[in-house]
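Engineer: One structure, as structure tokens, below. Some questions next.
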Amino acid sequence: MTSVMTPLMTGPATSTVTTVLTTATPPPVAPAGDHHSLAIVLFAVVVLVTLGITLWVGRQGNAAEDFYAGGRDFTPLQNGFALSGDYLSAASFLGVAGLIALYGYDGVLYSIGFLVAWLVVLMLVAELVRNAGRYTLADVLALRLRRRKVRAAAGGASVVVTLLYLVAQMVGAGSLVALLLGTDSPQARTWTIIAVGALMIVYVTIGGMRATTWIQIIKAFLLTAGSVLLTVLLVVRFHGDLGELMRQAAQHSGAGQRYLEPGLKYGAGFTSRLDFFSLGLALVLGTAGLPHILSRFYTVPTARAARRSTMWAIGLVGGFYLMAILLGLGATALVGSAEVRHANAAGNTAVPLLALVLGGGNGSTGGVVLFALISAIAFATILAVVAGLTLASSAAFAHDIWAGAWRDRPRREAARARAGRGRGRLRRRRAEAVPGSRSAAESAAGAGEQQEVVVARFAAGGIGAAAIVISLYAQQLNVAFLVGLAFAVAASSNLPVLLYSLFWSRFTARGAVWSVYGGLVPAMVLVFFSPVVSGSKVALFSGLDFHWFPLENPGIVSIPLGFLAGWIGTVTSSEPADADRFAELEVRALTGAGAA
């Protein structure tokens, strides 16, 4: 699904749609081996280019600000491309168009939540987070709630969200690349997962945020250019008559006029509609709590630049989804729903098959080149998204959990102060007399941040290795729920604590901890007892049935629980809120005074 649709998504279990294939469906289009050979060559080019960027950028700086925030010198346009690159995964490129190709109007309805989510980001989050934070979400909270438990809770939730998202993307990468290369071999999927995992570790440990941002920019440009190329070819194919495009799509959909009407996928009953509403709620609210999206606002110098970055991202994401609608309709009209579903039940090969037809058909040079080009763009999006997720999770672990919660800074700083009280005064006087010299406090802070960067690099390796192992065991499973769960957790735990911290003066440290866990735990528990884990043919454990929660996405329940837990924790807290710290946060968030 978003960047959020995993390529393994097969649709909600509550969706029961019976389609009758018409005789007007075009004959199947099967990619030939030449397409896959050229795709492999272009995959190698993508890898070499991204590795070259990483090695070049990695030499430019090793400070914490470079690793976490890319030096804060990206322009709004550059960061807007990077934001859209983080948000638009290969699953968005292929999965959303595939849903539209299979389900028409309902697929379009599904994509709306992705764009609406950015309005929440623009109005409530972008500028305030840029001014109030430094590297991560927990920095915003720590400005007024300086408690290690708060940092540990926020950092832990961020790691959970990014790991769920990361595993889903990597498992999807294995299946997606296997599909695009025309093989069903488990070994191909396994080695793809290992290769993608190894590459993302290299990107993060060597290049940090600066390299990851440039990879995202290039990926977003390629994704946009590829979508524009296919859209132009499609419109020319139908001579600019979009009405004829829709009529042909309905004719070749197997569902007739129902393809252009609501209810083909999400209209099976009340539970199905409620599940779709729950998913949409998670998508709209979860984006503002995704750690890898929030960290992007720290790569620009000012809050105004963060706002302009978001506006660029809205334009790019909105334009992409408008093109995805046309590409989905085009795949149905020119390839047919039967062939799209035959190639992949979730419709994820709809765009490559459409590229094959638009390029001239199976066996043509244009078809070979266009199919391979679109496949390579999809692979580039995989590499960029997993790199951004790995960086966000490693930053949350090193900066929030290790440095903010585990390392006992107050005790060490007090010991250093007692030991060096006498000689320290003389050294400080000498340092102050030398222009440009650093004080002892600044040196200690710099050394501490360098330790954080080292820990973050090791954490990237550890998280990447864990994601590889989990993905290898999960590659035979339907992991679509992982992406929806990631958004639900972000909306249930990260968003409530962020909004409370920014806008509620009475908010306390207990309320923050309760809000995080009050959204995180219910979301995961409800999913465990939902139809995506047991009780359906496409469940993780299809042979068992211990589900009692009827919905596949817990957002409609877990999001209110996150807000409720934060309120209860605050009103029952014995320690009152610090009015001075909230005033400091408010001034800094609104004006940028004292911002990093």
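The values are calculated or read from the model by the stated rules, or taken from the named source; none is laboratory data. Keep in mind that what you see is a predicted model, and the values were worked out from it rather than measured. Cβ sites come from the backbone with ideal geometry, for glycine too, and all protein chains shown count toward neighbours. Just so you know, the surface numbers come from the protein's heavy atoms only, side chains and all, with ligands and any DNA or RNA stripped out. Shrake-Rupley method; radii C 1.70, N 1.55, O 1.52, S 1.80 Å.
Engineer: Can you name the residue in segment 136-173 that is crowded, with 24+ Cβ neighbours inside 10 Å and assigned to a loop (DSSP other than H, G, I, E, B) and is also modelled with the lowest pLDDT among such residues?
Structural biologist: Here the residue is Leu145.
Per-residue answers, yes or no, for (1) within 18 Å of the chain's Cα centre (by Cα); (2) surrounded by 24 or more Cβ atoms within 10 Å (Cβ to Cβ); (3) closer than 24 Å to Leu544 by Cβ; (4) modelled with pLDDT of 90 or more:
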position	(1), (2), (3), (4)
Ala440	no, no, no, no
Ala447	no, no, no, no
Gln451	no, no, no, no
Ala467	yes, yes, no, no
Leu482	yes, yes, yes, no
Ser492	yes, yes, no, yes
Trp504	no, no, no, yes
Arg510	no, no, no, yes
Gly519	no, yes, no, yes
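Engineer: Within segment 58-80, can one find any residue that is assigned to a helix (DSSP H, G or I), open to solvent by 60 Å² or more (accessible area, probe 1.4 Å) and at pLDDT 80 or above? Quick ask: steps written out before the conclusion?
Structural biologist: Taking segment 58-80 first, the residues assigned to a helix (DSSP H, G or I) are 58, 64-72, 76-80.
With the extra rule that they be open to solvent by 60 Å² or more (accessible area, probe 1.4 Å), the set shrinks to 65, 77.
Next, from what is left, pick out any that are at pLDDT 80 or above: 65, 77.
Within segment 58-80, one or more residues are assigned to a helix (DSSP H, G or I), open to solvent by 60 Å² or more (accessible area, probe 1.4 Å) and at pLDDT 80 or above.
Engineer: Restricted to segment 235-254, and to residues that are of a type in the set (A, V, I, L, M, F, W, C) and surrounded by fewer than 23 Cβ atoms within 10 Å (Cβ to Cβ), which residue is nearest to Arg72 (Cα to Cα)? Lay out the reasoning, then the answer.
Structural biologist: Of all residues in segment 235-254, those of a type in the set (A, V, I, L, M, F, W, C) come to 235-236, 238, 242, 245-246, 249-250.
Checking the rest, the ones that are also surrounded by fewer than 23 Cβ atoms within 10 Å (Cβ to Cβ) come to 235-236, 238, 242, 245-246, 250.
Details: Val235: 40, Val236: 42, Phe238: 45, Leu242: 43, Leu245: 45, Met246: 45, Ala250: 49 Å.
Filtering first and then ranking leaves Val235.
Engineer: Follow-up question, since we're still on this one. Being closer than 26 Å to Val300 by Cβ and aromatic (Phe, Trp, Tyr), is that true of even one residue in segment 179-192?
Structural biologist: No.
Engineer: If you don't mind, there's one more thing I want to ask. Which residue pairs have Cβ atoms under 6 Å apart, sit 6 or more places apart or on different chains, and have a first residue in segment 527-538 that is modelled with pLDDT under 80 and a second that is of a type in the set (Val, Ile, Thr)?
Structural biologist: Here the result reads Val538/Thr10, each pair linking segment 527-538 to a residue that is of a type in the set (Val, Ile, Thr).
Engineer: Another question, then. Is there any pair with a first residue in segment 564-576 that is open to solvent by 20 Å² or more (accessible area, probe 1.4 Å) and a second that is of a type in the set (Lys, Arg) whose Cβ atoms are under 6 Å apart and which are 6 or more apart or on different chains, and what are they?
Structural biologist: Close Cβ pairs satisfying both conditions: Ser573/Arg510.
Engineer: Out of Gly484, Gly518, report the one residue that is in contact (Cβ under 8 Å) with a residue 40 or more places away in the chain and within 23 Å of Ser295 (Cα to Cα). Please lay out each step first, then the result.
Structural biologist: Details: Gly518 fails: within 23 Å of Ser295 (Cα to Cα).
Among Gly484, Gly518, only Gly484 is in contact (Cβ under 8 Å) with a residue 40 or more places away in the chain and within 23 Å of Ser295 (Cα to Cα).
Engineer: May I pose another question? Please find, within segment 350-395, the residue that is most open to solvent (accessible area, probe 1.4 Å) out of those that are assigned to a helix (DSSP H, G or I) and of a type in the set (S, T, N, Q). First the steps, then the outcome.
Structural biologist: Filtering segment 350-395 for residues assigned to a helix (DSSP H, G or I) gives 350-358, 365-395.
Checking which are of a type in the set (S, T, N, Q) leaves us with 365, 375, 381, 390, 393-394.
Values: Thr365: 110, Ser375: 0, Thr381: 0, Thr390: 0, Ser393: 1, Ser394: 0 Å².
Checked segment 350-395; the qualifying residue most open to solvent (accessible area, probe 1.4 Å) is Thr365.
Engineer: For segment 317-340, what are the residues that are over 26 Å from the mean Cα position of the chain (by Cα) and open to solvent by 10 Å² or more (accessible area, probe 1.4 Å)?
Structural biologist: Scanning segment 317-340 gives Leu334, Ala338, Glu339.
Engineer: Out of all the residues in segment 257-283, which are touching a residue at least 24 places away in the same chain (Cβ under 8 Å), out of contact with any helix residue (DSSP H, G or I) (no Cβ under 9 Å at 6 or more places or on another chain) and not in a loop (DSSP other than H, G, I, E, B)?
Structural biologist: Scanning segment 257-283 gives Thr271, Ser272.
Engineer: Somewhere in segment 285-300, is a residue surrounded by 16 or more Cβ atoms within 10 Å (Cβ to Cβ), under 19 Å from Leu119 (Cβ atoms), among the hydroxyl-bearing types (Ser, Thr, Tyr) and modelled with pLDDT under 90?
Structural biologist: yes
Engineer: Return the residue satisfying two criteria in turn: it lies in segment 42-57 and is β-branched (Val, Ile, Thr) and open to solvent by 20 Å² or more (accessible area, probe 1.4 Å), and of such residues it is farthest from Glu452 (Cα to Cα).
Structural biologist: At the first step, the residues of segment 42-57 found to be β-branched (Val, Ile, Thr) are 45-47, 49-50, 53-54, 57.
Those still in the list that are open to solvent by 20 Å² or more (accessible area, probe 1.4 Å) too: 45-47, 49, 53.
Numbers: Val45: 33, Val46: 31, Val47: 28, Val49: 29, Ile53: 24 Å.
If we take residues in segment 42-57 being β-branched (Val, Ile, Thr) and open to solvent by 20 Å² or more (accessible area, probe 1.4 Å), then Val45 is farthest from Glu452 (Cα to Cα).
Engineer: While we're here: Report every pair of residues separated by at least 6 positions or lying on different chains whose Cβ atoms are under 8 Å apart, first residue within segment 172-195 and more than 12 Å from Ile382 (Cβ to Cβ), second open to solvent by 40 Å² or more (accessible area, probe 1.4 Å) and of a type in the set (Val, Ile, Thr).
Structural biologist: Listed pairs, sorted by first residue: Leu181/Ile40.
Yes or no, residue by residue, for (1) outside any loop (DSSP other than H, G, I, E, B); (2) in contact with a Pro (Cβ under 9 Å, 6 or more places away or on another chain); (3) under 17 Å from Gly367 (Cβ atoms):
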{"residue": "Gly318", "(1), (2), (3)": "yes, no, no"}
{"residue": "Met323", "(1), (2), (3)": "yes, no, no"}
{"residue": "Leu327", "(1), (2), (3)": "yes, no, yes"}
{"residue": "Arg341", "(1), (2), (3)": "yes, no, no"}
{"residue": "Ala345", "(1), (2), (3)": "no, no, no"}
{"residue": "Asn348", "(1), (2), (3)": "no, yes, no"}
